[in-house]
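S.K.: Provided herewith is a single structure, encoded as structure tokens, for subsequent inquiry.
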2 protein chains.
Amino acid sequence: MSKIKITLPDGSVREYPKGITAGEIAFEIGKRLGEDALIAKINGRLKDLFVPVNEDAALQIITFRDKEGLEVFRHSTAHLLAHAVIELFPDARLTIGPVVEEGFYYDFDIGHHFTPEDLAKIEQRMHEIVKNNYKVERVEQTESEAKHMFKNNPYKIELIEEFHKEKQSISSYKQGDFIDLCRGPHIPNTGKIKAFKLTKIAAAYWRGDQKKQQLQRIYGISFPEKSMLEQHLKLLEEAEKRDHRKLGKELEWFTFFEESPGAPFFYPKGAIIYSTLISFIREEYKKRGYNEVITPLLYEKSLWVASGHWEHFKEHMFTLQSEGKDYGLKPMNCPSHILIYKSKSRSYKDLPLRIADFAPLHRNELSGTLAGLTRVRKMSQDDAHIFIAPKQIEEEISRVLEFMNFIYKKTFDFEYKVELSTRPEKFMGRLEDWEKAEDALKKALDVNKIKYEIKAGEGAFYGPKIDFHIKDALGRSWQLATVQLDFQLPERFDATYIGADNTKHRVIMIHRALLGSIERFIGILVEHYAGKLPLWLSPLQVRILTVADRFEKYASRIKEEFEKNNIRVEVDARTESVGYKVREAQFNKIPLILTVGEKEEKNGVVAVRTLDNKVYFDVKVNELINNILGNIENKKIKFEM
Amino acid sequence: MSKIKITLPDGSVREYPKGITAGEIAFEIGKRLGEDALIAKINGRLKDLFVPVNEDAALQIITFRDKEGLEVFRHSTAHLLAHAVIELFPDARLTIGPVVEEGFYYDFDIGHHFTPEDLAKIEQRMHEIVKNNYKVERVEQTESEAKHMFKNNPYKIELIEEFHKEKQSISSYKQGDFIDLCRGPHIPNTGKIKAFKLTKIAAAYWRGDQKKQQLQRIYGISFPEKSMLEQHLKLLEEAEKRDHRKLGKELEWFTFFEESPGAPFFYPKGAIIYSTLISFIREEYKKRGYNEVITPLLYEKSLWVASGHWEHFKEHMFTLQSEGKDYGLKPMNCPSHILIYKSKSRSYKDLPLRIADFAPLHRNELSGTLAGLTRVRKMSQDDAHIFIAPKQIEEEISRVLEFMNFIYKKTFDFEYKVELSTRPEKFMGRLEDWEKAEDALKKALDVNKIKYEIKAGEGAFYGPKIDFHIKDALGRSWQLATVQLDFQLPERFDATYIGADNTKHRVIMIHRALLGSIERFIGILVEHYAGKLPLWLSPLQVRILTVADRFEKYASRIKEEFEKNNIRVEVDARTESVGYKVREAQFNKIPLILTVGEKEEKNGVVAVRTLDNKVYFDVKVNELINNILGNIENKKIKFEM
């Protein structure tokens, strides 16, 4: 029997008999890996485990811990779902069942609206199919064979014709009596799907097109272990409790009205959070040499044509007409800032020129995609454009990174992950300039001791960029800050500066937003802190509760002291029990709940309760005020006494 | 000869022979009045002075000091202009020549573009006609007589037909050989027009309609005395120097780009003025119980239909479509605040509820009417809507008036004039409620010791209002703050509160803006102060000039001290002469210009020069900083040492 050489990811090379399957190799390497194996990557391509290996190859065993493994696992669960549905509803027609961020779904053409009772039955049947532990097999077919097999399903016929046109091979996957058209790969048997849950029923359309057949969509999630599903459901439950849309309404911080889809209303308390964030950024701008401008929102088409937005972004813009001319509400600030840059002749001595703007931006997102503060039609960004000479890339990016770290790490104590996206295949400008720019970005990251992952070839065609993903308290990742180098817009607008050599040079632009959209950032903060914002950001900082009516005067006197120090305070002097008032203040997420009664008035003190339920008795008002001011000044996340 | 009784404005009654003219009565009263008389008001109607009075009547002699007198005087000057033009250009066809705010104009249909040389010739001929002191006479005609007389002038024919249709009497006015169709009245002779100037040539269209005949317009201004014209021209010159559009560009405070007509760009320095004004108002809001909200800009048509804007204001709105629905950019905040008001059930205990908003507003003004910051398409107002119970009108209006006085008198030291506009003929609601509301407004004005003029019947149909007109340094009047009671919007939106009686009541709204549009207010401030803004508002507060290079270090050290105290400061260490640097700082309207040299460094002091050119030597830096902080804190208009 002849041998083949298999190179593993750690670089080691092992010999196996020719024709061994990837699944067998996994068991050869180790029992645990063999059991966890879902698919294999052979010479960089994903394959089913049952595929025999007949030549020397590089091989990686893929498990649920790998992104590709997770996706195949979920996609196999979508097949499992379709399998169960077909058994229960033989007239249903299968369409597609892809993986999505929150799990997977499958769309069915079925003369029936699925009910929660249906879901329970389907789940039950899925469990039975798992128990049967069907082997999953791949069937390759010609176009006409496949068309024959799926002759009763116009959706599959449409897909088969497409695959054929694109000269793709046509394959299906079979488990028990169930077969579905599919590119694969799949997990080797249904028994691996140890834990799953169907989560949602929704209406959908074939190809997402409202003019086409309406379908019934079932969403689900799955895991190779029960404990993982349990943990996930717990997380979902916690996430639901923290849902910023829910908390925003409960706390009267912000809401939405149908008259203005995707555009939040910030109630007075929410407006305080909003303005406090902007003031915070403004203060930092002062220290860092940024210049804030105030700019129009509506611009004539010619500007959007010049910037390229009219060609590439128009469908995301709100456009209108006035006096026979076309206008667009700005979705981004860049063109406004280029107008300002170009309003006078600039010298190398003027650079870097940092122009900041909190202008409201509008994006005509599909109403179906809007989601609370995290996906809106109207927002403001802590946006700035920095105009620099090519030599200044490293120095300026380094400053931006320091600023970013100051906000995410030092102020909000978020963990973050950084990605550097480099030159794509199609790029503008000279290779040499790109290489210099990428080197400068890397140096700036190193100087700031920031670890980063390189996303090779994922930069925009007009420049490399650095992205920041923060991790919130539930472990969810959010993309926030972006730092984008741009060689293109200065070219399009012919933006230059006069160099020390007295000749014109093309300027480079940096697009940067640190919080990103203020709206989205507030949404994330609310969920991250479950509404318990740090004192400095909290709309109301202190509530003073009276133990009985007669202490209202004392409470008011203390309130004035707080107000003199610009602390946001109110008194609850209602004739309710202290317990009731404390619970309400906790529900309202008031960081510091003070109670005053006989003893407190006599001694000129207060009792303090934090949102962590730490209680401090007999605190002198002056000391507390100093403490609070210190906590605010230092932007403490948890109140420290 | 029979006598008639003439009642004069002071109530006195005099007897004159029947048939005496108003002009003769003026001379009977006094020689000066006789000479100043332009027209007469007989029984409340304006008449020519040469009209004989044949019955008992109330009579008032009108001079240039009266608004009606000024208008007739200027209109007679328009006739004088037309007279001169016809003599010089016999083929010109006369159209109309009305009075406007800045003087008068006359539009001519003439196959010729007027040149500045033409204007000089026309002025010359006007002087000759004045010297001839033609008597001005009124000619009454039937329609056909008039049409015959003006048979060569299609414009006049059109006007005659209109007058006839409206059953107006048809009259012309004649001076020398010149005759023009006119309702009158006019001044009695051309000799009274002692001083005039033709100021501008412009293109115009018959009836202002671009599809009709193009005309040539000549603007002019006139006065009964030369000194008045001279004073006026001086004022214009000063106004031109102070023109905020000119200063805005020179000082790099704000500008406009053609890509966004009517929407100002505030450069970093202008943005400081803008934000400082908003911070100032915000601080006052805190003290006065206003709650700021942040609201969307784009709303679906249904909201504008409900508010009445779609019917009455649509042509002034920017409207657009998204997903097949109509939207409008908000021109006002009221509907947004009503949505907020209605978002929960309100009790009488919640009132007054004061909702403030600085949201950008958009109005689709005709591009031809846009004028710098004073007439824009995009602006923010220091806007608030106060929801009150009917009983609270007086108390709440009184608070608003106190706030208004605080801003205009105490902060900016403007003189202002107040007008109370009362119930018009057509009004909504009950007479009784109007009377109570008007009484409450009057009481509130009295309580605040504010003098006011009543504009009877000039209120909106939905409520009475109070307007404030300030006077700027050049004596020009600007309408700024408005306080409007509104019974209607709460009706349209069914906005209510639960009273102490536990039943629903209709709430009342107050619309109020004190600065009005921030943009317009900045424009007015710039002109009022000729760019020399009070220290607290000034974008840059201090510039430190070095006498020679070697003092740069000392200058930087001082600069840091200022910065620590949040004073906006910069150093000019260029190797230019101090004189040059001082002149530039003055041109840049820097309130405090500091110079540092040998002596200053040695003694740790600075020399201070204010924009009034007061100079203080050997000022200790600490003392100066305290001084500056005091001036800022107290919002001093002129720097006080």
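S.K.: Which whole-number percent gives the relative contact order of the stretch A:535-633, counting Cα pairs below 8 Å spaced six or more residues apart?
M.R.: 30
S.K.: Which of the residues in the stretch A:247-292 lose at least 30 Å² of accessible area when you go from the chain alone to all protein chains together (probe 1.4 Å)?
M.R.: A:E252, A:F257, A:E259, A:S260, A:F265, A:F266, A:Y267, A:P268, A:A271, A:S275, A:E292
S.K.: To continue, here is another question. Quick one: if you take sqrt(5λ) for each eigenvalue of the C-alpha gyration tensor of the stretch A:75-146, what semi-axes come out, biggest first, whole angstrom? Before the final figure, lay out each step's value.
M.R.: Details: eigenvalues 88, 51, 38 Å².
With the √(5λ) rule applied to the stretch A:75-146, the semi-axes are 21, 16, 14 Å.
S.K.: Note down, for the stretch B:67-242, the three equivalent ellipsoid semi-axes (square root of 5 times each alpha carbon gyration tensor eigenvalue), biggest first, whole angstrom.
M.R.: 26, 19, 15
S.K.: A further question on this structure: Against the longest principal axis of chain B, how steep is helix B:268-287, in degrees 0 to 90 to the nearest 10, with axes from Cα atoms?
M.R.: With both axes taken from Cα atoms, the answer is about 90 degrees.
S.K.: For a quick check of understanding: with a 1.4 angstrom probe and all protein chains in place, what accessible area in square angstrom does A:T7 have, to the nearest ten?
M.R.: Answer for A:T7: close to 50 Å² accessible.
S.K.: Would you work out if the stretch A:3-62 is rounded, prolate or oblate? Take a ≥ b ≥ c from the square roots of the eigenvalues of the alpha-carbon gyration tensor; rounded if a/c is under 1.5, else prolate when a/b is larger than b/c, oblate otherwise.
M.R.: The shape class here is rounded.
S.K.: Additional query: Which links in B:K342/B:K426; A:K226/A:K455; B:K564/B:K636 stretch past 23 Å when you go from one Cα to the other?
M.R.: B:K342/B:K426; A:K226/A:K455
S.K.: Within the accessible area of the stretch A:509-641, what % is carbon and sulfur when the probe is 1.4 Å and the other protein chains stay in place?
M.R.: Values: 2630 of 5860 Å².
Using a 1.4 Å probe with all protein chains present, the stretch A:509-641 comes out at 45 percent carbon and sulfur.
S.K.: Based solely on its DSSP helices, what 222 nm [θ] is calculated for chain B when runs of n ≥ 4 H residues each add -39,500 (n - 2.57) and the sum is averaged over all residues, nearest 500 deg cm²/dmol?
M.R.: Here the helix-only value at 222 nm equals -10500 deg cm²/dmol.
S.K.: Let me ask something else. Could you work out, residue by residue across B:311-322, how many beta carbons of other chains sit within 10 Å of that residue's beta carbon, and then give the average as an integer?
M.R.: If you average over the peptide's residues, the count of other-chain Cβ atoms is 3.
S.K.: Moving on to the next point. In nm, one decimal, shortest first: how far is the label point of A:M428 (7 Å from Cα along Cα to beta carbon) from the matching points in the other copies?
M.R.: Spelled out, the distances from A:M428's label point are 5.3 nm.
S.K.: Can you pull the accessible area of B:M332 for me, 1.4 Å probe, Å² to the nearest 10?
M.R.: 50
S.K.: What lysines could a cross-link reach from B:K344, if we take a straight Cα to Cα line under 18 Å and drop same-chain neighbours fewer than 8 places away?
M.R.: A:K246, A:K249, A:K269, B:K504
S.K.: Mind checking the dipole of the stretch A:535-633: about its Cα centre, +1 per Lys or Arg Cβ, -1 per Asp or Glu Cβ, Debye to the nearest 20?
M.R.: Using Cβ point charges on Lys, Arg, Asp and Glu, the stretch A:535-633 gives about 120 debye.
S.K.: Given a 1.4 angstrom probe, I'd like the percentage of the accessible area of the stretch A:71-206 that is carbon and sulfur, rounded to a whole number.
M.R.: For the stretch A:71-206, the apolar C and S fraction of the accessible surface comes to 49 percent.
S.K.: Can you compute the equivalent ellipsoid semi-axes for the protein assembly as shown, i.e. the square root of 5 times each eigenvalue of the Cα gyration tensor, sorted largest first and rounded to whole Å?
M.R.: Semi-axes (√(5λ), whole Å): 70, 39, 36.
S.K.: State the percentage of accessible surface on the stretch B:207-339 attributable to carbon and sulfur atoms; use a 1.4 Å probe and exclude ligands, DNA and RNA.
M.R.: Working: 2920 of 5980 Å².
Accessible surface attributable to carbon and sulfur in the stretch B:207-339 totals 49 percent.
S.K.: Tell me which A residue has its C-beta closest to the axis rotating A onto B, and the distance in Å?
M.R.: For the rotation taking chain A to chain B, the closest Cβ gives A:L320, 2.
S.K.: Using θ = phi - 60° and the Karplus form 6.51 cos²θ - 1.76 cosθ + 1.60, what ³J(HN,Hα) does each residue of the stretch B:581-590 get, whole Hz, x for Gly and Pro?
M.R.: 5, 5, 4, 5, 5, 5, 4, 7, 6, 7
S.K.: Between the DSSP loop rule and a limit of at most 15 other Cβ atoms within 10 Å, which trypsin sites (Lys or Arg not before Pro) in the stretch B:329-402 are left?
M.R.: B:K344
S.K.: If you put a point 7 Å past Cα along the Cβ direction, how far is that point for B:A120 from the same point in each other copy, in nm, smallest first?
M.R.: So the label point of B:A120 gives 10.1 nm to the other copies.
S.K.: Placing one identical point scatterer on every Cα of chain B and ignoring solvent, what is log10 I(q)/I(0) from the Debye formula at q = 0.05, 0.06 Å⁻¹?
M.R.: -0.33, -0.48
S.K.: How much of the DSSP bridge set in the protein assembly as shown is antiparallel, in percent, rounded to the nearest 5? Each step should come with its number before you reach the end.
M.R.: Working: 201 of 235 bridges.
If we restrict to bridges inside the protein assembly as shown, about 85 percent are antiparallel.
S.K.: Next question. Quick query: amide H of A:T21 versus all other amide H atoms, modeled in the peptide plane; which residues come in under 5 Å with a sequence gap of 5 or more or a different chain?
M.R.: A:V53
S.K.: Cα centroid distance between the stretch B:590-641 and the stretch B:216-288, in Å?
M.R.: 28
S.K.: Same structure, new question: At 1.4 Å probe radius, can you tell me the per residue accessible area of the protein assembly as shown in Å²?
M.R.: Value returned for the protein assembly as shown: 47 Å² of accessible area per residue.
S.K.: Here is a follow-up. Cross-link partners among lysines for B:K451, C-alpha distance below 19 Å, same-chain residues fewer than 8 apart left out?
M.R.: Straight-line reach from B:K451, under 19 Å: B:K409, B:K410, B:K417, B:K442, B:K443, B:K465, B:K471.
S.K.: A follow-up question, please. What is the Cα convex hull volume of the stretch B:1-137 when expressed per residue in Å³?
M.R.: Numbers: hull volume 18.2 nm³, N = 137.
That works out to 133 Å³ per residue.
S.K.: For A:K18, list the lysines whose Cα falls under 20 Å from its own Cα; do not include residues on the same chain fewer than 8 positions away.
M.R.: Cross-link targets: A:K3, A:K5, A:K41, A:K47.
S.K.: Give the accessible area for B:R476 in Å² (nearest 10); use a 1.4 Å probe, count only protein heavy atoms, and leave out ligands, DNA and RNA.
M.R.: 60
S.K.: Ok, one more. Angle check, please: helix A:518-528 long axis (alpha carbons) against the longest principal axis of chain A (alpha carbons), in degrees 0 to 90, nearest 10.
M.R.: Approximately 80 degrees, to the nearest ten.
S.K.: Right, here's the next one. Considering protein heavy atoms only and a 1.4 Å probe radius, which residues within the stretch A:336-382 exhibit an accessible-area decrease of no less than 10 Å² in the full assembly relative to the chain by itself?
M.R.: The answer is A:L339, A:I340, A:S343, A:K344, A:P360, A:H362, A:N364, A:L366, A:S367, A:R377, A:K378 - residues whose exposure falls by at least 10 Å² when every protein chain is included.
S.K.: Another question, if that's okay. Tell me: how much accessible area in total is hidden between A and B, 1.4 Å probe, Å², nearest 100?
M.R.: Details: alone 32150 and 32170 Å², together 60340 Å².
That pair of chains buries around 4000 Å² in total.
S.K.: If you average the sequence gap of Cα pairs under 8 Å that are 6 or more apart and divide by the length of chain B, what percent do you get for the contact order?
M.R.: 8
S.K.: Right, another one. Note the distances from A:N132 to each other copy's matching label point, with points 7 Å along the Cα-to-beta-carbon direction, in nm, sorted shortest first.
M.R.: Result, one decimal in nm: 11.5.
The values are calculated or read from the model by the stated rules, or taken from the named source; none is laboratory data. Note that the structure is a prediction, hence the values are computed from the model and not measured. Heads up, the Cβs are rebuilt from the backbone with ideal geometry, glycines too, and the neighbour counts pull from every protein chain shown. Just the protein is used for accessible areas: all its heavy atoms, side chains included, with ligands, DNA and RNA removed. Shrake-Rupley method; radii C 1.70, N 1.55, O 1.52, S 1.80 Å.
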